[in-house]
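I have placed the structure first, in the form of structure tokens, so that the comments after it can refer back to it.
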Amino acid sequence: MTTTDMPRPVDADPGPAVSRKRTRGATSGGLRRAVSATTLLWILACLYGLPVLWFVLSSLKPSSELFSYPLTLVPHNPTLSGFKAAWESANFSQYFINTAIVCVITTVLTVGVSCCTGYALAKYDNRWLKAFFICILATTMLPSEVMLAPEFLVVRNLGLYNSFAGIILPAVLTATGCFMFRQFFLTVPDELVEAARIDGARELSIFLRIMVPLSRPIMLTLAILSFQWRWNDYIWPLLMLNDPSKFTVQIGIQSIVGAQNINWSVLLGASVISMIPLIAVFLVFQRYVMGADINAGLKD
């Protein structure tokens, strides 16, 4: 047998080894990207959280320690005197009740009106609806201060001055809420609506039984945002109300500030008290903000 007739050794298949190397490389690369993103998020969280932490800890400091040099983050002698003085110096219980009434009613109306408007803008093809949507978006290009004067004149002429209705009604329809619901309903397949119509469902039944349950994440998100907007609103209630018994929390906090001097310990305590309902609302509802299966009920 010659050397040319001898069988050649079969080369080992390099495929599995190469694939293992590629898998390890892809895994390590993905891990590095994940670690980098996580690190960046932690850095941003610290940057945003440090001023809030400083603010809350400063509310526990006595007045003599607030502006001591060098500045300290942790109070040496923590006290709750600022919270007690803030609660006693203003009728916070009434302010909380007034603000809760305004926020709850406005939030419910805002979510309901925005949901209906967004559904109509997304699922009905009409040129007037498109023009109406453009007009709604155009309001976001104007500063809120520009619309204060005409809104005030309209509300006053309607006889709603110095009332909760004068605060609630102008804040019901928001461009942000309409846009959020419109963009969500655009992602819902039209086949789902057509299937319901073929089954004999009416338009109102389709909206209430199909669209509203699917839009629960958007509804809760807008509810949290709307509650926050109305709770922190200061300019509009200040213009509309002149009865101290109807003041909201933000106007009540402003009333603590003196004309000549500011008691920073009391002001910080009042500000922290006003934050508690917002934190509670977010902690209660944020776990319900989750994705919805918009393809439910459709066959492949």
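Which GluC sites (Glu not before Pro) does the range 140-234 hold that lie in a coil by DSSP with at most 10 other beta carbons within 10 Å?
Hits after loop and neighbour filter: Glu145.
Give me the extension gain from Asp243 to Ala175: residue separation times 0.36 nm, minus the current Cα-Cα distance, reported in nm with one decimal.
21.4 nm
Kindly provide the trypsin sites (Lys or Arg not before Pro) of the range 135-219 that DSSP labels as loop, not H, G, I, E or B, and whose Cβ sees at most 11 other Cβ atoms within 10 Å.
Those satisfying the criteria are Arg202.
In whole angstrom, how far apart do the alpha carbon centroids of the range 208-273 and the range 87-128 sit?
Measuring centre to centre over Cα atoms gives 12 Å.
Quick one: ranking Thr99, Thr79 by accessible area, 1.4 Å probe, largest first, what do you get?
The ranking, largest first, comes out as Thr79, Thr99.
Which residues in the range 53-92 place their backbone N less than 16 Å from a point set 7 Å from the Cα of Trp42 along the Cα-to-Cβ direction?
Once the point is set 7 Å along Cα→Cβ of Trp42, nothing inside the range 53-92 turns out to lie under 16 Å by backbone N.
The values are calculated or read from the model by the stated rules, or taken from the named source; none is laboratory data. On a predicted model such as this, the values are computed, not experimentally measured, just so you know. FYI the Cβ positions are ideal-geometry reconstructions off the backbone, even for glycines, and counts take in every protein chain you see. Only protein heavy atoms, including side chains, enter the accessible area calculation; ligands, DNA and RNA are left aside. Shrake-Rupley method; radii C 1.70, N 1.55, O 1.52, S 1.80 Å.
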